[in-house]
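Student: Can you read through this structure? Questions will come right after.
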Amino acid sequence: MQYGEFQGKNIYSGYTPEIKKKEFEDKVEELVDFLDVHELVSITFKHGFDYIQVSLIDDEYHIDDVSDEYK
């Protein structure tokens, strides 16, 4: 599902936060900017009990729940 856009690049999300939605949106915006500035391709953060990965794939940003990889 399309989540938004950042500097002409689409952001897609396979994760919908159930708690602290505004905090999640702010964190995603901060991390997408961080990825762009530091030319990284992926970063993972904890939101509630979930581990969320923000990745740059084929010139698009993707937000995915990777909690199973951290259990």
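The values are calculated or read from the model by the stated rules, or taken from the named source; none is laboratory data. Given the structure is predicted, the values throughout are model-derived calculations rather than measurements. No Cβ is skipped: glycine too gets one built from the backbone with ideal geometry, and neighbour counts run over all protein chains shown. Each accessible area value is taken on the protein alone, full model and side chains, heavy atoms only, with ligands, DNA and RNA left out. Shrake-Rupley method; radii C 1.70, N 1.55, O 1.52, S 1.80 Å.
Student: I'd like to check one number: the per residue accessible area of the chain, probe 1.4 Å, reported in Å² as a whole number.
Tutor: 69
Student: Let me ask you something else. Quick check: with the 1.4 Å probe, what order do 34, 49, 6 take by accessible area, largest first?
Tutor: Largest to smallest exposure gives the sequence 49, 34, 6.
Student: Then there's this: Sequence neighbours fewer than 8 away in the same chain don't count; with that in mind, list the lysines whose C-alpha is under 24 Å from residue 22.
Tutor: 9, 46
Student: Taking the Cβ of residue 68 as the center, what net charge do the other residues with Cβ under 15 Å away carry, scoring Lys and Arg +1 and Asp and Glu -1?
Tutor: Once all neighbours under 15 Å are counted, the net charge is -2.
Student: Could I ask something else about it? Once you list every other residue whose beta carbon is under 10 Å from the beta carbon of residue 11, what net charge do they have if Lys and Arg are +1 and Asp and Glu are -1?
Tutor: Neighbour charge sum, excluding residue 11 itself: -2.
Student: Something else about it: If each Cα of the chain is one equal point scatterer, what is log10 of I(q)/I(0) from the Debye formula at q = 0.19, 0.20, 0.21 Å⁻¹?
Tutor: -0.71, -0.78, -0.87
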